[in-house]
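The values are calculated or read from the model by the stated rules, or taken from the named source; none is laboratory data. Values in this document were obtained by computation on a predicted structure and should not be read as measured data. No Cβ is skipped: glycine too gets one built from the backbone with ideal geometry, and neighbour counts run over all protein chains shown. For accessibility, only protein heavy atoms count, side chains too; no ligands or nucleic acids. Shrake-Rupley method; radii C 1.70, N 1.55, O 1.52, S 1.80 Å.
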Amino acid sequence: MKTTTIITGFTYYSDDNFSLFTESVIQSMTGNPNFSTPVPPLTDIQAALDDFNAKLAAVYQRASKEAYAAKNQSRKALETVLKQLALYVISTALGDEVKLLSSGFPLTKQPEPAGNPVQPQNLQLGDGPLSGAIRLKFDKVSNARGYQGRYMNGDAQWLLTDPFTKSRYI
């Protein structure tokens, strides 16, 4: 089983949601006995958040190229210190899910087995492009990475096709 950890990338957050998320992490980490000496200090993260919020407000007031550039630069700085904090949380919690959750950072998704694939449906056989060839078509099976067919030769023996990856095979 994969070790439980937290997400350390923040690019999928919109600017407003990133600000709210950072505030939530700061609140979760403040006074948290699991993380008594955060690195970087929460005051540094709060300062970076305050700067980002000010630059974000400037963008809303005047949507100039300079305001956007300043906001993007400030966001990158905030992402950097927040990632440093996330790495501190990971190294301190050592995979303890309760401690990780108490930090305010979201957990990464644990891998799940795909299960047994189902048999392809809506099989259709047709003439192939060459004499003696057949065309096999069927509905794609979700989570299938490849397929392999079986056919019976003239001696009544089952033979395997070469593996193939599309829901059509000649």
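Is there any pair linking a residue in region 94-112 that is without any contact (Cβ under 8 Å) to a residue 24 or more places away in the chain to one that is open to solvent by less than 50 Å² (accessible area, probe 1.4 Å) and not in a loop (DSSP other than H, G, I, E, B), with Cβ under 8 Å and at least six apart or on different chains, and which?
Leu101/Leu107
Got a sec? Which of Ser103, Ser142 is surrounded by fewer than 10 Cβ atoms within 10 Å (Cβ to Cβ), within 21 Å of the chain's Cα centre (by Cα) and either on the phi > 0 side of the Ramachandran plot or of a type in the set (Gly, Ala, Ser) (or both)?
After applying the criteria, what remains is Ser142.
Being free of Cβ contacts under 8 Å to residues at least 60 places away in the same chain, assigned to a helix (DSSP H, G or I) and of a type outside the set (Val, Ile, Thr) is true for just one of Ser142, Ser74. Which residue is that?
That would be Ser74, the only listed residue that is free of Cβ contacts under 8 Å to residues at least 60 places away in the same chain, assigned to a helix (DSSP H, G or I) and of a type outside the set (Val, Ile, Thr).
Counting just the residues of region 1-23 that are open to solvent by 40 Å² or more (accessible area, probe 1.4 Å) and closer than 23 Å to Ala58 by Cβ, which one comes out farthest from the chain's Cα centre (by Cα)?
Here the answer is Glu23.
Contact list please: Cβ distance under 8 Å, first residue in region 125-138 and in a loop (DSSP other than H, G, I, E, B), second residue open to solvent by less than 90 Å² (accessible area, probe 1.4 Å) and among the charged types (D, E, K, R), pairs at least six apart or on different chains.
Sorted first by the residue in region 125-138, then by its partner, the pairs are Gly128/Arg135; Pro129/Arg135.
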